[in-house]
Amino acid sequence: MSSFEYLNIRQSFIDKLKERSVIEPTAIQNLVIPALLAGKNILFRSATGTGKTFAYLLPALQSLLEENNANPGGGPAVLICAPTLELCSQIKTEVDFLASPSDKSGGFAGRGCQTALLTGSVKIDRQIELLKKNKPAVAVGNPGRLLSLAKMGKLKFKNLRYLVLDEADRLTVKECFEETKELLKIIERETKSQTEKKLCLAACSATVEKKIRAQLGQLFSSAELIESNDHEILRERIEHWAVFSEKRRRVQTLRSLLAALKNKPSKSKKHRIKALVFTSKGDEAGKILSQLQYHHIPAAGLFGKMNKKPLTSTERKEALDLFRDGSIEALVSTDLAARGLDVKDVTHVIALDVPQDSENYIHRCGRTGRAGKRGVMVTIGDETQMRLLALLEKKLKIRVMPKELYGGQIRAPVLD
């Protein structure tokens, strides 16, 4: 049995982890932490909910402490790039948690570890002022805003020690790839002059493929691929259900499903659910949410637009906060908006379509069954969607159980 002490993690960080009841490293942390502490460049894949964020944050922040680099000049020492505002905010929260003083030992206590959140949700002038005034050691942002700041000369990479691409597969898709590629070229150019310190690179996701190495260009060309054999989570901790519904009745079926999930057959007492509802099409998300709210179902949305108007970062944050604290039972989202989100105790993931590839199905599943808990993945669809789901079932080697709604309850279909 491994331990964080065995991985040479400092006691100050171990004390912080204990505050979260994190005592033993996960399988992917056992593989990644020693590699990054040794300065290796890596691409790593692990199922969602297995501790990828701490796997790269612990060695990166430990490096800052050991190099006395908590308040550097010449730009941040650690740069983390992620595709969405929500994921960037989540990562910054984890950085601030690890870098804050513990009760027992100092870590960054008395020295500080400034962190900057650099996303398109905030006016760029405010972020420029923050970079100038605080000189953050760690910067977290999406590729578009990081690129804009770099082009303006306000975000420099001369001091960069760690570069992390979180949800790397999303950073290399059509919508993000040009910005990611241009940002990497600037970083490569500015860090070439480094002689004493080697730039350490990490890219991760639940579905990192070898082809991403080529897409990420010269910087990651020699990166080592690390994979954790933890896809058993998909099979052992998550139940997979299929509920048939004609396309025009999907939302009605969703409403009936949410009602049934709150009522256990053996108990009259209702129990709380926390369901994340997925649709692939952004224009459908708002319609689904409107129908749920019209029928007085406590729900909110995490997507780009509502009634053709863009949702503000404040509205998205409020929706996520309501979902986190259990004030609402359903959060309607698109695949990109919910990418990498870590929300505790999501009981069910409900998909109103089958994604085009297995990677998105895996990411959807990963919102539940986290941190050793169990969860349920439900797909609602018509005959065409069920055929697509059957193909995924075979490819991922999972067992999808057909379910039907009858008398306000969920049951296995009764065969004639």
Next on the checklist: I'd like the residue in segment 325-371 that is under 14 Å from the mean Cα position of the chain (by Cα) and of a type in the set (D, E, K, R) and, out of all such residues, is nearest to residue 81 (Cα to Cα).
Outcome noted: 339
Next on the checklist: Quick check on segment 115-128. Is at least one of its residues under 18 Å from the mean Cα position of the chain (by Cα), assigned to a strand (DSSP E or B) and β-branched (Val, Ile, Thr)?
Outcome noted: no
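Restricting attention to segment 5-23, which residues are part of a loop (DSSP other than H, G, I, E, B), surrounded by fewer than 15 Cβ atoms within 10 Å (Cβ to Cβ) and not aromatic (Phe, Trp, Tyr)? Show your work before the answer.
To start, the set of residues in segment 5-23 that are part of a loop (DSSP other than H, G, I, E, B) comprises 5-10, 20-23.
Subset that is surrounded by fewer than 15 Cβ atoms within 10 Å (Cβ to Cβ): 5-6, 8, 20-21, 23.
If the condition is that a residue be part of a loop (DSSP other than H, G, I, E, B), surrounded by fewer than 15 Cβ atoms within 10 Å (Cβ to Cβ) and not aromatic (Phe, Trp, Tyr), then 5, 8, 20, 21, 23 are the ones that fit.
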Checklist outcome for this item: In segment 87-111, residues that are modelled with pLDDT of 60 or more, surrounded by fewer than 17 Cβ atoms within 10 Å (Cβ to Cβ) and within 15 Å of residue 136 (Cα to Cα) total 3
Checklist outcome for this item: Picking from 57, 43, the residue that is at pLDDT below 95, under 25 Å from the mean Cα position of the chain (by Cα) and crowded, with 16+ Cβ neighbours inside 10 Å would be 43
Checklist entry - In segment 191-208, which residue that is at pLDDT 90 or above and within 14 Å of residue 159 (Cβ to Cβ) is surrounded by the fewest Cβ atoms within 10 Å (Cβ to Cβ)? => result 199
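Quick one: would you say residue 131 is modelled with pLDDT of 90 or more, assigned to a loop (DSSP other than H, G, I, E, B) and not acidic (Asp, Glu)? Give the derivation first.
Details: modelled with pLDDT of 90 or more: yes; assigned to a loop (DSSP other than H, G, I, E, B): no; not acidic (Asp, Glu): yes.
No: the conditions fail for residue 131.
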Checklist entry - Take the residues of segment 262-290 that are surrounded by 17 or more Cβ atoms within 10 Å (Cβ to Cβ), in a helix (DSSP H, G or I) and not β-branched (Val, Ile, Thr): which is modelled with the highest pLDDT? => result 289
Item to check | segment 387-416, subset in contact with a strand residue (DSSP E or B) (Cβ under 6 Å, 6 or more places away or on another chain) and in a helix (DSSP H, G or I), residue surrounded by the most Cβ atoms within 10 Å (Cβ to Cβ) | outcome: 389
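Tell me which residues, restricted to segment 245-261, are under 21 Å from residue 388 (Cβ atoms) and surrounded by fewer than 18 Cβ atoms within 10 Å (Cβ to Cβ).
Let us first name the residues in segment 245-261 that are under 21 Å from residue 388 (Cβ atoms), namely 245-251, 253-254, 257.
Residues satisfying the conditions are 246, 247, 248, 249.
Does residue 297 fit the bill of being more than 22 Å from residue 85 (Cβ to Cβ), surrounded by 15 or more Cβ atoms within 10 Å (Cβ to Cβ) and modelled with pLDDT under 90? Walk me through it before giving the result.
Working: more than 22 Å from residue 85 (Cβ to Cβ): yes; surrounded by 15 or more Cβ atoms within 10 Å (Cβ to Cβ): yes; modelled with pLDDT under 90: no.
Here the answer is no, as residue 297 does not meet what is asked.
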Item to check | Residues of segment 296-355 that turn out to be out of contact with any strand residue (DSSP E or B) (no Cβ under 8 Å at 6 or more places or on another chain), among the hydrophobic types (A, V, I, L, M, F, W, C) and part of a helix (DSSP H, G or I), as a count | outcome: 0
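Quick check on this structure: which one of 339, 364 is within 22 Å of residue 250 (Cα to Cα), surrounded by 13 or more Cβ atoms within 10 Å (Cβ to Cβ), touching a Pro at 6+ places or on another chain (Cβ under 8 Å) and not aromatic (Phe, Trp, Tyr)?
Values: 339 fails: within 22 Å of residue 250 (Cα to Cα).
Result: 364 is the single residue among 339, 364 that is within 22 Å of residue 250 (Cα to Cα), surrounded by 13 or more Cβ atoms within 10 Å (Cβ to Cβ), touching a Pro at 6+ places or on another chain (Cβ under 8 Å) and not aromatic (Phe, Trp, Tyr).
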Checklist entry - Looking only at segment 129-147, which residues are without any contact (Cβ under 8 Å) to a residue 40 or more places away in the chain and under 23 Å from the mean Cα position of the chain (by Cα)? => result 144, 145, 147
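The values are calculated or read from the model by the stated rules, or taken from the named source; none is laboratory data. From a predicted model like this one, the values you see are computed outputs, not experimental measurements. Every residue, glycine as well, gets a Cβ built from its backbone with ideal geometry; the counts of neighbours run over all protein chains shown.
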